[in-house]
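Inspection log for the structure reproduced underneath, given as structure tokens.
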Amino acid sequence: MQKSVHRPLVLASTSLYRKELLGRLHLAFDTAAPGVDETPLPDEKPAELAARLALTKARAVADIRPNCVVIGSDQVADLYGIPLGKPGNFERAKAQLRQMRGKTVVFQTAMAVVCIQTGYCAQALVPVHVRYRCFSDAEIDHYLHREQPFDCAGSSKSEGLGIAMMESIANDDPTALIGLPLIRLCTMLRGAGIAVMGTL
């Protein structure tokens, strides 16, 4: 564990979902766009992709803010080894959800916490297993029109109407599915010298 000193905290993401989650810890932090190419490498597995991107994002911001503790995170929906990213539009979202119905999808949520100045680097992968109902095309259309989850991995927005499309969720951290596993993150931040509860 790093010695407790005041270091600025930065979230290497412009995601409103991750910003809201990190805000729950009542820590002062900035956000920064990492500007990272998220294209999968050839034959890269979903968990490997998420882990690589989380670390790449954290390092990209840490390189220009070396005195800060930087959090990088990424999530990839894993459909039996097929990576499902952010759909971007209605048509791709509908195609994703048609693939997912009646099946179990593993949301591979990866994090990295980096501080260049201290040499601290920690990584974690928190998978979430989601079993989906055999929902209809009409239900897909209703959900997509209401939630427009086009910036969510696998078109899945569990904090909204998307929860009605699921049969079960199995994981160790209720915030992991939204995109930032706070239980694991608190451990990593303490290791970086951030006093999450006011003291280490």
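The values are calculated or read from the model by the stated rules, or taken from the named source; none is laboratory data. Remember, it's a predicted structure, so these values are computed and weren't measured experimentally. So basically every Cβ, Gly included, is an ideal-geometry build from the backbone, and we count neighbours across all protein chains shown.
List of remarks:
- Of the residues Cys115, Cys121, the single one that is surrounded by fewer than 20 Cβ atoms within 10 Å (Cβ to Cβ) and at pLDDT 95 or above is Cys121.
- Residue that is farthest from Thr175 (Cα to Cα) [pool: residues in the range 99-117 that are of a type in the set (A, V, I, L, M, F, W, C) and outside any strand (DSSP E or B)]: Ile116
- Of all residues in the range 153-185, those satisfying the criterion of being of a type in the set (A, V, I, L, M) and free of Cβ contacts under 8 Å to residues at least 12 places away in the same chain are Ile163, Ile183.
- Residue within the range 73-93 that is part of a strand (DSSP E or B) and either among the small types (Gly, Ala, Ser) or over 21 Å from the mean Cα position of the chain (by Cα) (or both) present: yes
- Looking only at the range 107-129, residues that are under 19 Å from Arg18 (Cα atoms) and touching a helix residue (DSSP H, G or I) at 6+ places or on another chain (Cβ under 9 Å) come to 14 in all.
- Restricting the range 157-200 to residues that are among the hydroxyl-bearing types (Ser, Thr, Tyr) and closer than 28 Å to Leu9 by Cα, the residue that is surrounded by the fewest Cβ atoms within 10 Å (Cβ to Cβ): Thr199
- Taken residue by residue, the range 33-45 has at least one member that is surrounded by 18 or more Cβ atoms within 10 Å (Cβ to Cβ), assigned to a loop (DSSP other than H, G, I, E, B) and free of Cβ contacts under 8 Å to residues at least 60 places away in the same chain.
- Residue within the range 80-97 that is more than 18 Å from Ala12 (Cβ to Cβ), among the aliphatic types (A, V, I, L, M) and without any contact (Cβ under 8 Å) to a residue 60 or more places away in the chain present: yes
- Exclusive hit being at pLDDT 95 or above, of a type outside the set (Phe, Trp, Tyr) and within 24 Å of Ile163 (Cβ to Cβ), set Ala50, Ala12, Ala33: Ala50
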